[in-house]
Amino acid sequence: MSEEPIDPDSILEARQIGRQTAAGQWLIRDISLAVHPGDRIAIVGPTGSGKTLFLRSLAMLDDIQEGELLFHGNPLKDKELPEFRSQVVYLQQRPVLIEGTVEDNLKFALQFQVNQHKSHDIAAVISLLSTFDRPESFLQRQSSALSGGEGQIVALLRALSLSPQILLLDEPTSGLDPGTTKQFEAIILKWLSTSDQSPAFVWITHDHSQADHVARQIMTFPEGTISPVQESP
Ligand SMILES: Nc1ncnc2c1ncn2[C@@H]1O[C@H](COP(=O)(O)OP(=O)(O)OP(=O)(O)O)[C@@H](O)[C@H]1O
């Protein structure tokens, strides 16, 4: 276990995380990150350097073989997992939408008990649609009729409808054209500036200019070193 003091201000703290194969080979090791309210962290690094493995560990989607994860300073108990999942939301590269309309998708997660107190936030999410240049009638479009880019944006809005404290993004714009990529970035930046709970994101990207544009800190793999983004003059 790490001898570093626990960061009392972090929402989520990964301490010396290690992941290995079934044969015992280390894929990532000794990677640490503390995510605080308002943090904007980009993860960059070569293909195969372990970025996704680490992000999935942060999301508690996979077991870790070394290290620990703390949520508000404490290890997570099994019974706290539903609350964790509503506060720390992972958006995968190609998310799956449910059958039905865009609005059905936006409301989908809110039906679960752990999220029921969040229902009022749907209005805020719908207002983000304007950033996407779509009229309100877009809410009635069938998910099966959406383009790949539209589907990705709906998946983002669905994630935001949970008002997460932390959004974990795994190369969310890798399949999008430049225009839709800009809209995706604008939605996230607007969400950060309009939310009253100081949310944070951790965003894997291969695009260094995107990292500089959206983030304030850059984590570079495979070492997992963290540096501030230089403010442009
Ligand atoms: N379950 C697993 N068993 C064995 N090896 C794995 C497993 N999962 C991932 N790997 C390997 O671990 C390495 C890191 O994978 P990871 O997907 O985290 O890379 P990445 O940095 O996200 O790459 P990319 O930028 O291409 O998405 C890769 O070599 C991958 O093949």
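By how many nm would the segment from Arg141 to Ala124 lengthen if fully extended, with 0.36 nm per residue of separation less the alpha-carbon distance? Intermediate values should be presented prior to the final figure.
Numbers: separation 17, 0.36 × 17 = 6.12 nm, distance 1.91 nm.
This chain segment gains 4.2 nm when fully extended.
The alpha-carbon of Lys190 sits under 23 angstrom from the alpha-carbons of these lysines, leaving out residues fewer than 8 places away in its chain: Lys107, Lys118, Lys182. Among Gln142, Thr180, Ile11, which residue has its Cα positioned farthest towards the positive end of the charge dipole of the chain, with +1 placed on the Cβ of Lys and Arg, -1 on the Cβ of Asp and Glu, and the dipole taken about the Cα centre? Among Gln142, Thr180, Ile11, the one farthest towards the positive end of the dipole of the chain is Gln142. Once the Cα atoms of helix 148-160 and of the chain are each reduced to a long axis, what angle between those two axes, in degrees from 0 to 90 to the nearest 10, is obtained? Long axis of 148-160 versus the principal axis of the chain: about 70 degrees. A Cβ-based charge dipole, computed about the Cα centre of segment 116-222 with Lys and Arg at +1 and Asp and Glu at -1, lands at about 220 debye. Computed from phi, the 3J(HN,Hα) profile of segment 80-97 under the Karplus parametrisation 6.51, -1.76, 1.60 (θ = phi - 60°) reads 8, 4, x, 5, 4, 5, 8, 9, 10, 10, 9, 10, 7, 4, 10, x, 9, 9 Hz, with x in place of Gly and Pro. Taking 0.36 nm per residue of separation and subtracting the Cα-Cα distance, full extension of the segment from Glu83 to Phe108 would add 7.4 nm.
Leaving out ligands and nucleic acids, note down the accessible area per residue over the chain with a 1.4 angstrom probe, in whole Å². Can you show the working numbers first?
Values: 11490 Å² over 233 residues.
In whole numbers, the chain has 49 Å² accessible per residue.
Remark: spin-label model distance His72-Ser209 equals 4.1 nm, labels positioned 7 Å along the Cα→Cβ axis. Over segment 1-84, with a single point scatterer placed on each C-alpha, what log10 of the ratio I(q)/I(0) does the Debye formula yield at q = 0.14, 0.18, 0.23 1/Å? Evaluating at q = 0.14, 0.18, 0.23 Å⁻¹ gives log10 I(q)/I(0) of -0.49, -0.80, -1.24. Once C-alpha pairs closer than 8 Å and six or more residues apart are averaged by separation and normalised to the residue number of segment 1-69, the relative contact order reads 40 percent.
For segment 12-227, the antiparallel share of DSSP beta bridges with both residues in that region comes to about 50%. Note on Glu66: accessible area is roughly 60 Å² with a 1.4 Å probe, heavy atoms of protein only. Taking Cα centre as origin and charging only the Cβ of basic (Lys, Arg, +1) and acidic (Asp, Glu, -1) residues, the dipole magnitude of the chain rounds to 460 debye.
Starting from the Kirkwood Rh over alpha-carbon pairs, what translational D in µm² s⁻¹ does the chain have by Stokes-Einstein at 20 °C and 1.002 mPa s? Write down the numbers at each step before the final one.
Values: Rh = 18.4 Å.
Translational diffusion coefficient: 117 µm²/s.
Using 0.36 nm per residue and subtracting the Cα-Cα separation, the extra length available between Ser227 and Glu4 on full extension is 78.4 nm. Counting only heavy atoms of the protein chains and using a 1.4 Å probe, Asp62 has close to 40 Å² of accessible surface. Only helices enter the 222 nm calculation for the chain: every DSSP H run of n ≥ 4 contributes -39,500 (n - 2.57), and dividing by all residues gives -8000 deg cm²/dmol, rounded to 500. Sequence-distant contacts, meaning Cα pairs under 8 Å at least 6 residues apart, place the relative contact order of the chain at 28 percent.
The values are calculated or read from the model by the stated rules, or taken from the named source; none is laboratory data. Quick caveat, the model's predicted, so the values are computed rather than measured. Cβ coordinates were reconstructed from backbone atoms using ideal geometry, including for glycine residues, and neighbour counts include every protein chain displayed. Note: areas computed on protein heavy atoms with side chains; ligands, DNA, RNA excluded. Shrake-Rupley method; radii C 1.70, N 1.55, O 1.52, S 1.80 Å.
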